[in-house]
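The values are calculated or read from the model by the stated rules, or taken from the named source; none is laboratory data. Because the structure is predicted, anything quoted here is derived from the model rather than measured. Cβ placement follows ideal geometry from the backbone for every residue including glycine, while neighbour counts extend to all protein chains displayed. Ligands, DNA and RNA are stripped out before the accessible areas are found, and what is left, the full protein with its side chains, is counted by its heavy atoms. Shrake-Rupley method; radii C 1.70, N 1.55, O 1.52, S 1.80 Å.
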Amino acid sequence: MTLKPVHVPPVTRRRRLVVAAVLAVALCAGYLSVAIGHRLDHGSSWWHGADAESRTEEQRTEVRFAFNPGGQITFGASIRNPGPMPVTITGITANDGPADRQVFKTARLAVNQADEATVVMFDPAAATPFRPIKVGAGMELPVFVTITIPDVEMAPGSGLFFDDLAVDYAVLGLPRHQQVPMGFRLLVHSPNGYVPR
């Protein structure tokens, strides 16, 4: 028995272009899906100095500072990258939106470096000024935020609060912006009220 060669038609150039285009679209869609769907979360810990008190009621934790118009307060929050991709955090602020509408002004940012071998630690003495920093998948970044308290009228017993940070970051080179929960509410409380002079 003699085998005869079977004629296989050559793959046309058009078919190759179609396959390449389909693959390119699928890769772009996957890239955008992963990058846009990537979200940061609050970390496992937070910090405040002796000028604040904290209390937890049910599942809400509140860190309370005294209202001191024009004064500054510093607190710490950790930002967690749940993965699966590393991110580069490029900016953090206590307020989002136009500068003329921000209640709290972010005066300074500092970070403690964390790596796979260490637990998240807040050490103000070892903190370094914030600059864009890579946070690996499953890692946390401990951040110290110093804000300026506004000089605004306050009714007795009132307060100003927020519970998230505005974070700018990049995933796979795509810039992102997100309100990241801190895991607690920061309250600046005025028990006696205040009227600006």
Query raised in the report: Round to a whole number: what % of the accessible area of region 57-197 belongs to carbon and sulfur, probe 1.4 Å?
Result: 52
Report task. Of the DSSP beta bridges with both residues in region 40-190, give the percent that are antiparallel, rounding to the nearest 5. Result -> 90
**Report entry** Added length on full extension, which subtracts the Cα-Cα distance from 0.36 nm per residue, ARG16 to ASP41
**Finding:** 4.7 nm
Report task. Would you work out the relative contact order for region 40-190, in percent, from Cα pairs under 8 angstrom that are 6 or more residues apart? Result -> 34
Query raised in the report: Under a point-charge model restricted to the Cβ atoms of Lys and Arg (+1) and Asp and Glu (-1), what is the dipole moment magnitude of region 66-197 relative to its Cα centre, in debye to the nearest 20?
Result: 160
Query raised in the report: Tell me, what is the per residue accessible area of region 40-190 in Å², probe radius 1.4 Å?
Result: 50
